[in-house]
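Single-structure report; data block below.
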Amino acid sequence: MKRRLFLASSIAAALGGCAPIGTALNDNPGFHHLLGLEGALDAAILGNSAGLARQYSIADISPHFPIDSLPTPTSSTYEALLANGFRSYALAISGAVERPMHIPLARLAGMAQQSQITRHDCVEGWSAIGAWTGVPLRDVLRLATPHRDARYVVFRCMDRDDQGTPYYESLDMAQAYHPQTLLALQLNGRPIRPDHGAPVRLRVPTQLGYKSAKWVAEIQVVGSFAHLYGGKGGYWEDQGYEWYAGI
Ligand SMILES: Nc1nc2c(c(=O)[nH]1)N[C@H]1C(S)=C(S)[C@@H](COP(=O)(O)O)O[C@H]1N2
Ligand SMILES: [Mo]
């Protein structure tokens, strides 16, 4: 734990000095259309996260993408999902939304897909570039329509540590509606493998790796995360990591 915390702060500091911003995309006139900013989120996004994570080319894709997380879930629920090829999976959307819902995997796969070749930076000291394909989180949020006063989106995952504590994460609304924040279904052109977070994982290329929650079961829109688990908004945050993990 001490080692992780040390690495977290030193690497976050090192990365902070050389944040890759997608200038090429920013210069593209189509970019502003792509952003599709809306409502009160415009100001938030333009105010503090106008930067896009750098996009790489196919030649840059890492031949090996490490596995570095709590173990792949072994619950009977996950085993049952795995056994039928995730056909019975449905992403739950709950909390401060107009329309709570369950979105079956097939429906997610049928929505407009975005692909991005981006770099994942883990605070443990490794990075890997992968091609991720999935549904922009904001498109899924729009289906459920968060209440106007909603502030955070919490991701509840299917894995647990050896104390039985589940992994979870959270983003604020600007991060959740960021155009590159993805509910990923594929890595490098194939369905995400179980050990990389199948069937649906979050991909947040503008933030450190621990934000990219694997094995997402439920998305919960909230006004505050103070009442959840350790109250700091994420599994690692509860153990001392910074909640804001922008790179
Ligand atoms: N559910 C869940 N998501 C998680 C984690 C985890 O332990 N559980 N670890 C995080 C961390 S610290 C990293 S670096 C990445 C690792 O993803 P990978 O194993 O697919 O490389 O997942 C992130 N998402
Ligand atoms: Mo990590």
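The values are calculated or read from the model by the stated rules, or taken from the named source; none is laboratory data. Quick caveat, the model's predicted, so the values are computed rather than measured. Please note: Cβ atoms are built from the backbone with ideal geometry, for glycine as well, and neighbour counts cover all protein chains shown. Calculation scope for accessible area: heavy atoms of the full protein, side chains included, ligands and nucleic acids excluded. Shrake-Rupley method; radii C 1.70, N 1.55, O 1.52, S 1.80 Å.
Element breakdown for region 54-239 at a 1.4 angstrom probe: carbon and sulfur atoms account for 51% of the accessible area.
Simple spin-label estimate for A80 and F65 gives 2.8 nm between the two label positions (7 Å along the Cα-to-Cβ direction from each Cα). Projecting label points 7 angstrom from Cα along Cα→Cβ for S127 and R148 puts them 4.2 nm apart.
In a fully extended conformation the segment linking H227 and R190 would gain 9.6 nm over its present Cα-Cα distance, using 0.36 nm per residue. Counting Lys and Arg as +1 and Asp and Glu as -1 over every other residue whose Cβ lies under 12 Å from the Cβ of D195, the net charge comes to +1. Each other residue within a Cβ distance under 10 Å of A184 adds +1 if Lys or Arg and -1 if Asp or Glu, for a net charge of +3.
Available extension along the chain between Y244 and M101 is 48.7 nm, counting 0.36 nm per residue and deducting the alpha carbon span.
A 1.4 Å probe run over the protein chains yields, for region 54-239, 42 Å² of accessible area per residue, whole-number rounding.
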